[in-house]
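Here's the structure we're looking at; comments come further down.
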Protein chains: 2
Amino acid sequence: MTQPLVISIDAMGGDHGPSVVVPACAQALATLPSAARLILHGDEAAVRAELGRHAALAARAEVRHAERVIAMDEKPAQALRRGKGTSMWAAVEAIREGQAVVAISAGNTGALMAISKLILRMSADLDRPALVASIPQTRGLTTFLDVGANVDCDAGRLVEFAIMGEAYHRAAHGVARPTVGLLNVGSEDMKGHEEVREAHRILREGGIELDYRGFVEGDDITKGAVDVVVTDGFTGNVALKAMEGAARFMYDELRGALTSGPLATLGALMARSSLRRFRDKMSPPPAAPLLGLNGLVLKCHGGADVRDFAKAIQVAADIAQSGFASEIERNMRRLPAALADAGPASADGAA
Amino acid sequence: MTQPLVISIDAMGGDHGPSVVVPACAQALATLPSAARLILHGDEAAVRAELGRHAALAARAEVRHAERVIAMDEKPAQALRRGKGTSMWAAVEAIREGQAVVAISAGNTGALMAISKLILRMSADLDRPALVASIPQTRGLTTFLDVGANVDCDAGRLVEFAIMGEAYHRAAHGVARPTVGLLNVGSEDMKGHEEVREAHRILREGGIELDYRGFVEGDDITKGAVDVVVTDGFTGNVALKAMEGAARFMYDELRGALTSGPLATLGALMARSSLRRFRDKMSPPPAAPLLGLNGLVLKCHGGADVRDFAKAIQVAADIAQSGFASEIERNMRRLPAALADAGPASADGAA
């Protein structure tokens, strides 16, 4: 790596803005290479006020004033129209300008996708960036994509998700050769719709270099049957939210059960530290990259606290320092040939 | 109701066969109308041996000998070829012959779908029967369909699922006017793929008589945002299995946490009865109807115990005695007009 590690940060994003982001930067600093630097975009007065309490960070961070902030409930189209001059816009622009190698924002997801797409443009053939979810499972985390709602996905797109997800999993978790599965309603070759069967053929025939293990089903996501589970943005978004909803419902009911009487409450108190470890294990990591862009952008969840945002910065640094981008590029170049090799069955109509 | 309540039961289905099914019938008997009768299909010696212990049941049950049993791992195509003469086949055939009003089996789901379709034929325009899942949520149960893998669903099929799911929810839970939502990746009208948007238009325009509330998202299934959540069989199957997998993973981790040391274990023991109520609330009901057939068939889950199968019999009786079939039929007759009214946007191509 000759390029220095510079991280571009939207200091105003998320529910708490600089009061969380700045302390998180200070906390993450200890884990970053000594040459790493940060660019903090946001209201200069607010950012400097926080920075005053973190001298080590102040020495390695540059503050860039941004007049405005994108609201958490702003529509993507509106964010595009009035986005220039906001902290989020500036954070992403620093990537295009080559001033930083990775950008992070805890702001509005739809706006970040739209702005990143406009500024950096797509490297992959997608409507919008693909979004990865990391799902807790017994052996660690399953990389699950697309959960970012690329609704209509042909076989080529599904294979792109496989390529990007596999490279991300290696970069984020240090697994040399992640295993990949394609989400379906059964494990037989003839199951599922045409796009899924066609992507299965392409991945199985081996033109794309990754450890493809075939079809997996919905419950394999949390079983850890494979490292990377690939699906279209519609199914992925629904499945992710369904799992999140089920987990939240179980938590609420469990909390209700464990406070339903004096004996249960006392028991829960005694099991407290174990229950807390359980909760931590169930919590997905706070950040995910937007995939398929010409440049690296990470989305941190809006409710992130200092520990979460610090963790997001570490993930960003890990990915930025890995061979992530070049691995994706190498496999993406193989895709047209692999699509053609899959033969006449790959053509979906006379058009 | 002039038609007597006769329930046709595959006594050999499920992991345990007559040793669970027969005692379950005896248990359910108390909850059934006094004129209700049962037909038990299976190995006569095995069924009679169990029946010997339940005199009240023996007086109201007829045993019909079936030579063979469909294995739990048999492929649907194989089950069709060699299904005649099995207890499952005979249980469904009794519906076509008008000898019973509802059939129940805890056997192989794929085989039951295929055999039911062959014997009863579809009333709705589906590849195979739609399968309902009942998902626990705060206020009770959400009816979720199709989870039976009708993979390709146009707008008309999604509307059929809405009609059938709504009627099922009313019959099974006594809710006069269940609310219905369509699963999507966002709540705005322009979100999602064409089939979903088109079904949304049809349901909103009101030609179909049900309380349609618009789009819902994955986490609304366990939030209880609406009573009935409708989706295609691919998305429904994936989402159901993803939720089941997430719940199972959480259980396993919770059990691990609560046995991770003497203090936690003691705490868990003290909270035991609350944790057991929690587990019971999380368990979905044991039976679901196959929808879209000319006749009523219920699938009970294979691992059902006596209590589960008894509950399945009660559900079957409730549905059979409701206006279920005629309500579906009435709304189905409105469907062609509603599809036509939805206008040119409903035509998906020159063909």
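The values are calculated or read from the model by the stated rules, or taken from the named source; none is laboratory data. None of these values were measured; they are calculated from a predicted model. Ideal geometry is used to build each Cβ from the backbone, glycine not excepted, and the neighbour counts take in all protein chains shown. These accessible areas exclude ligands, DNA and RNA; they are computed on the full protein's heavy atoms, side chains included. Shrake-Rupley method; radii C 1.70, N 1.55, O 1.52, S 1.80 Å.
Here are some notes:
- Copy-to-copy label distances for B:Ser34, where each label lies 7 Å from Cα along Cα-to-Cβ, are 9.3 nm in order of increasing length.
- Protein-only accessible surface at a 1.4 angstrom probe places the residues A:Glu97, B:Glu93, A:Glu198 in the order A:Glu97, B:Glu93, A:Glu198, largest first.
- For B:Ala257, neighbours were defined as the other residues whose beta-carbon sits under 13 Å from its Cβ, and their charges (Lys and Arg +1, Asp and Glu -1) total +3.
- Farthest positive-ward along segment A:161-236 dipole, Cα basis, beta-carbon charges - from A:His173, A:Gly236, A:Val196: A:His173
- Structure remark: mean-square fluctuation, Gaussian network model of chain B, C-alpha springs under 10 Å; the largest value among B:Tyr168, B:Tyr212, B:Tyr251 belongs to B:Tyr251.
- Average projection area in nm² (convex hull over Cα atoms of segment B:12-90, one quarter of hull surface): 5.3
- Computed FRET value (nearest 0.05) for B:Lys75 with A:Ala49, which takes r as the C-beta separation and R₀ as 45 Å: 0.10
- nm² value of the averaged projected area, convex hull over the Cα atoms of segment B:15-167: 10.8
- Taking the charge dipole of chain A about its Cα centre, with +1 at Lys and Arg Cβ atoms and -1 at Asp and Glu Cβ atoms, the residue from A:Leu118, A:Cys153, A:Leu275 reaching farthest to the positive side is A:Leu275.
- Remark: for residue pairs A:Lys241/B:Lys241; B:Lys117/B:Lys191; A:Lys75/A:Lys241; A:Lys84/A:Lys299; A:Lys241/B:Lys281; A:Lys241/A:Lys281, the C-alpha separation exceeds 23 Å in B:Lys117/B:Lys191.
- Of all beta bridges that DSSP places with both ends in chain B, some 30 percent have antiparallel geometry.
- Mean-square fluctuations from a GNM of chain B, with a 10 angstrom spring cutoff on Cα atoms, peak among B:Gly292, B:Gly14, B:Gly323 at B:Gly323.
- Kirkwood radius for the protein assembly as shown, taken over all pairs of different Cα atoms as the inverse mean of 1/r, rounds to 27.5 Å.
- Zone of A:Ala58's modelled label, taken as backbone nitrogen in segment A:8-26 under 19 Å from a point 7 Å along Cα→Cβ: A:11, A:18-26
- The figure for B:His65 is an accessible area of roughly 90 square angstrom, using a 1.4 Å probe on the protein chains alone.
- Charge dipole magnitude, Cβ of K and R +1, D and E -1 - the protein assembly as shown, Cα centre, debye nearest 20: 1860
- A simple count of charges around B:Leu210, restricted to other residues whose Cβ falls under 9 Å of its Cβ and scoring Lys, Arg +1 and Asp, Glu -1, yields -2.
- Surface burial for B against A, with a 1.4 Å probe and both sides summed, reaches about 4400 Å² of accessible area.
- Over all Cα atoms in chain B, the spread is summed up by Rg and Dmax: 21.2, 70 Å.
- A simple charge model with +1 on the Cβ of Lys and Arg, -1 on the Cβ of Asp and Glu and nothing else charged puts the dipole of chain B at about 1140 debye relative to its Cα centre.
- Mean accessible surface per residue for the protein assembly as shown, computed with a 1.4 Å probe while every protein chain stays in place, in Å²: 40
- Sorted shortest first, the distances from the B:Gly303 label point to those of the same residue in the other copies are 3.1 nm; each point sits 7 Å from Cα along Cα-to-Cβ.
- Positive-end residue, segment B:119-272 charge dipole about Cα centroid, Cβ charges, pick of B:Gly140, B:Ala162, B:Phe215: B:Gly140
- FRET efficiency for the B:His65 to B:Asp318 pair, using the beta carbon distance and R₀ = 22 Å, is estimated at 0.15.
- 5 Å-binned pair-distance histogram of segment A:118-181 (Cα, whole percent): 4, 16, 27, 24, 17, 9, 3, 0
- Residue among B:Gly261, B:Gly13, B:Gly98 with the largest mean-square fluctuation in a Gaussian network model of chain B, springs linking Cα atoms under 10 Å: B:Gly261
- Computed about its Cα centre, the charge dipole of segment A:1-120 is approximately 200 debye, with only Lys, Arg, Asp and Glu carrying charge at their Cβ.
- Sulfur and carbon atoms: percent of accessible area, chain A [1.4 Å]: 51
- One compactness figure for segment A:131-256 is 1.04, namely its Cα radius of gyration divided by 2.2 N^0.38 Å.
- Counting from the shortest, the label point at A:Asp73, 7 Å from Cα toward Cβ, is 5.5 nm from the same position in each remaining copy.
- A:Arg201 versus B:Leu269: modelled label distance in nm, points set 7 Å from Cα along the beta carbon direction: 6.1
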